[in-house]
Amino acid sequence: MFKRLIEESTEKSPWLFHINAGSCNGCDIELVSILTPRYDAERLGFKLAGSPRHADIVVVTGPVTKQSLPRVLRTIAQVPEPRCIVTMGSCPQSGNVFRGSYSIAGPLSKYVPVDVDVAGCAPKPEAIIDGLALAAKMLREKRGQKK
Amino acid sequence: MDFPFIKEAVSQLFGKSSCAMYPAVPSEAAEGYRGRIVYHPERCIACGMCERVCSGNAITRSVEHLEDGQDKITLTFNLGSCTFCASCADFCAKQAIEFTRDYHMIATSEEDLLVRGSFIKAAPKKKAPGPAKQADCQAQSGAGVKPRDDGKPVSDPSRCVYCTICARKCPVQALTVDRAAKTWMLDEEKCIACGTCAQACPKNCIIL
């Protein structure tokens, strides 16, 4: 019974973990803005978690530099299954203006399966909320499959 | 005791929330917002300027040769690689690229973020057979156009797409290019032989 209660609660409130993989800080600022009172994603249940072990959704920003790649993979490996990986902005999807640079190891989809891409440079806060809502929906589907 | 912000605190307690309430209340992007790209292939002349100025390498152009000598040109815009700087729209001579205010760019696969458009470029009209054919071959190799002695530009009509970029780059307005009439004219008195037009030409068809 307890287990069911916990499962139902986590379904309504997916926790986020944010990884900066060499981002220019534009997307990071936009992600913070959706948690502040203006857009307030916490009213929809999204909460920024301090540890990857507490998270359900991983939000990756930045083009995945060679320096950050082992840390990104290690952090993502610590997030328990089922998890949802969201890339934010153009950088983790393609490298954007940094594509072809000697220090870029991206795109992220080469290393881990990416569930949702939020395009934009940087995306509008409304678009991020849409992307997270889609990620939460996919998370629910993944949990349903597991049962 | 003094409570300096008590009035403000009470008014905020009963006032309207400052939250945007986004999914319940739809929100529209501000005027001039650069969102999803809309490409108008019917206006495009395939000069390739957008591809050159794109900082994120988001634009790719592919040419498919059809059986009847026509070319099917397809431009693909990868929004997952775009910085939304609008350089391509600024440089487009024919206003074929448009940035809309649509910011809903959420994808679950890479294919969802591609904007495609293609058009068929008509083959150049063939002149009467015989000696004209020979001239055509010459023009294609560029041998038909000889550079001038005075360093002023000459255009190769076989390669020119009449995109008018050279005319707009010319610092002394010595060039007149008419897209409809397919003419390229040089005002020799105005020309200062600076070579800007040759540098700007996306087809490298101006010879100095």
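The values are calculated or read from the model by the stated rules, or taken from the named source; none is laboratory data. Predicted, not measured: the structure shown is a model, and the values here were computed from it. Reconstructed Cβ throughout: ideal geometry from the backbone, glycine too, with neighbour counts over all protein chains shown.
Here are some notes:
- Looking across the range A:1-50 at every residue that is of a type in the set (Ser, Thr, Tyr) and farther than 22 Å from A:PRO63 by Cα, the one that is surrounded by the fewest Cβ atoms within 10 Å (Cβ to Cβ) is identified as A:SER9.
- Qualifying position, being over 14 Å from A:TRP15 (Cβ atoms) and of a type in the set (A, V, I, L, M), among A:VAL58, A:VAL72: A:VAL72
- Every residue from the range A:8-26 that is farther than 21 Å from A:SER103 by Cα and touching a residue at least 60 places away in the same chain (Cβ under 8 Å): A:GLU11, A:PRO14, A:LEU16, A:PHE17
- Residue match in the range A:6-17 (condition: over 14 Å from A:VAL112 (Cβ atoms) and of a type in the set (Val, Ile, Thr)): yes
- Identity of the residue in the range A:89-147, among the basic types (Lys, Arg) and at the interface with chain B (Cβ under 7 Å from one of its Cβ atoms), that ends up nearest to the chain's Cα centre (by Cα): A:LYS124
- Restricting attention to the range A:122-147, the residues being under 29 Å from B:CYS82 (Cβ atoms) and either surrounded by 15 or more Cβ atoms within 10 Å (Cβ to Cβ) or in contact (Cβ under 8 Å) with a residue 24 or more places away in the chain (or both) number 17.
- Selection within the range B:184-197 - surrounded by fewer than 18 Cβ atoms within 10 Å (Cβ to Cβ) and under 21 Å from the mean Cα position of the chain (by Cα): B:THR196
- The set of residues in the range A:4-46 that are under 18 Å from A:THR75 (Cβ atoms) and not hydroxyl-bearing (Ser, Thr, Tyr) comprises A:PRO14, A:TRP15, A:LEU16, A:PHE17, A:HIS18, A:ILE19, A:ASN20, A:ALA21, A:GLY22, A:CYS27, A:ASP28, A:LEU31.
- Inclusion of A:ALA77 among residues that are free of Cβ contacts under 8 Å to residues at least 12 places away in the same chain and within 11 Å of chain B (Cβ to nearest Cβ) is not warranted.
- Strands (runs of 3 or more DSSP E) fully within the range B:14-99 counting 3 or more residues that are within 14 Å of chain A (Cβ to nearest Cβ) and surrounded by 14 or more Cβ atoms within 10 Å (Cβ to Cβ): B:71-78
- Selection within the range B:100-133: residues that are within 14 Å of another protein chain (Cβ to nearest Cβ) and assigned to a loop (DSSP other than H, G, I, E, B). The member of this set that is modelled with the lowest pLDDT is B:SER109.
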